[in-house]
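What follows is one structure encoded as structure tokens, with my remarks underneath.
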Amino acid sequence: MDVLVVDHPLAQTRLTAMRRTETESGVFRASLHELTTMVVYEAARLFAVEKYSIETPVAQTEGTRLANPPLIVPVLRAGLGMADAALGLLPESSMGFVGLARDEETHEPRAYMESLPADLAGQPVLVLDPMLATGGSLLHCCKLLADRGCTDIIICCVLAAPEGVERLASSGLPLRLITASIDEGLNEKAYIVPGLGDAGDRQFGGM
Ligand code: PRP
Ligand code: URA
């Protein structure tokens, strides 16, 4: 699996704001929005483009457009905070949704929502989830996509644990990963260390 870490200084300052305990939810959400713009911008290098004829006020020339805009799939809840920034860069894209909540004891995802096109053959998909911890949630989501025929899945996240990266890489699914950091690892509660805590709670409050 190809993995790209977005180590741009402006990405790292937004990530630092998100990591800090004292950052309140409004700033956390704004930082996630800005960081997502940078991560998706880098991910978009992987998109196929095509040339087409355009006219400037002066002459006819060639323009560029995305050959096949990706379906954007935020993983609820936390991925919702990345959706607006991704759609801002990709206004021609459609959206699907997957809702997952990790069980606090087993750390396995429980699916509670799924709204995806039935056929994803030939359709690139951009999956948004700020956190890749054990990898269970993103693996579940990507299997749903692969079961619908998707062969081109690009995952955008903010923080990844090596354990989760390894789990996705060994899944055999057609995945590429863009993240702002690969952290040290997971603690006994399967939280990313040093991490940023619970990305859903920090955006939207505890359940
Ligand atoms: C978080 C996060 C990922 C998942 C990562 O969601 O947004 O989806 O945990 O953990 P994993 O890699 O071990 O599966 P959570 O289940 O806490 O739900 P939330 O987004 O509603 O807060
Ligand atoms: N989900 C989160 O929100 N944070 C973690 O560190 C791990 C899973």
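Being near ligand 1 (Cβ under 9 Å from one of its atoms) and either more than 20 Å from Ala11 (Cα to Cα) or in contact with a strand residue (DSSP E or B) (Cβ under 7 Å, 6 or more places away or on another chain) (or both) is true of Ala190.
Only a single item in (1) surrounded by 15 or more Cβ atoms within 10 Å (Cβ to Cβ); (2) in contact (Cβ under 8 Å) with a residue 40 or more places away in the chain; (3) more than 20 Å from Asp103 (Cα to Cα) is not met by Cys150, and it is number (2). When region 167-181 is filtered for residues that are outside any helix (DSSP H, G or I) and away from ligand 1 (no atom under 13 Å from the Cβ), the ones remaining, listed by number, are Ser170, Gly172, Leu173, Pro174, Leu175, Arg176, Ile178, Ala180, Ser181.
Applying the condition of being charged (D, E, K, R) and either assigned to a helix (DSSP H, G or I) or closer than 15 Å to Ala78 by Cβ (or both) to region 138-166 and asking which residue is nearest to ligand 1 (Cβ to nearest atom) yields Glu163.
In region 41-110, counting only strands (runs of 3 or more DSSP E) that sit wholly within it, the ones holding 2 or more residues that are within 16 Å of ligand 2 (Cβ to nearest atom) span 71-76, 97-102. When the test is whether a residue is away from ligand 1 (no atom under 16 Å from the Cβ) and assigned to a strand (DSSP E or B), Thr37 does not pass it. Taking the condition closer than 19 Å to Ala160 by Cα and of a type in the set (Phe, Trp, Tyr), does Tyr41 pass? Yes; evaluated as a whole, the condition is true for this residue. Checking every residue in region 128-137 against the condition of being part of a loop (DSSP other than H, G, I, E, B), away from ligand 2 (no atom under 16 Å from the Cβ) and either within 18 Å of Asp2 (Cβ to Cβ) or not β-branched (Val, Ile, Thr) (or both) gives zero matches. Consider Leu10 carefully, then state whether it is under 15 Å from the mean Cα position of the chain (by Cα) and aliphatic (A, V, I, L, M). No, not satisfied.
Of the set (1) surrounded by 15 or more Cβ atoms within 10 Å (Cβ to Cβ); (2) within 25 Å of Ala44 (Cα to Cα); (3) not polar (S, T, N, Q), all apply to Tyr191 but (2). Every condition in (1) loosely packed, with under 15 Cβ neighbours inside 10 Å; (2) under 25 Å from Pro174 (Cβ atoms); (3) touching a strand residue (DSSP E or B) at 6+ places or on another chain (Cβ under 7 Å) holds for Leu76 except the one numbered (1).
Computed from the coordinates by the stated procedures, all read-outs in this text should not be read as laboratory data. Nothing here was measured: the structure is a model prediction, and the numbers come from that model. Ideal geometry is used to build each Cβ from the backbone, glycine not excepted, and the neighbour counts take in all protein chains shown.
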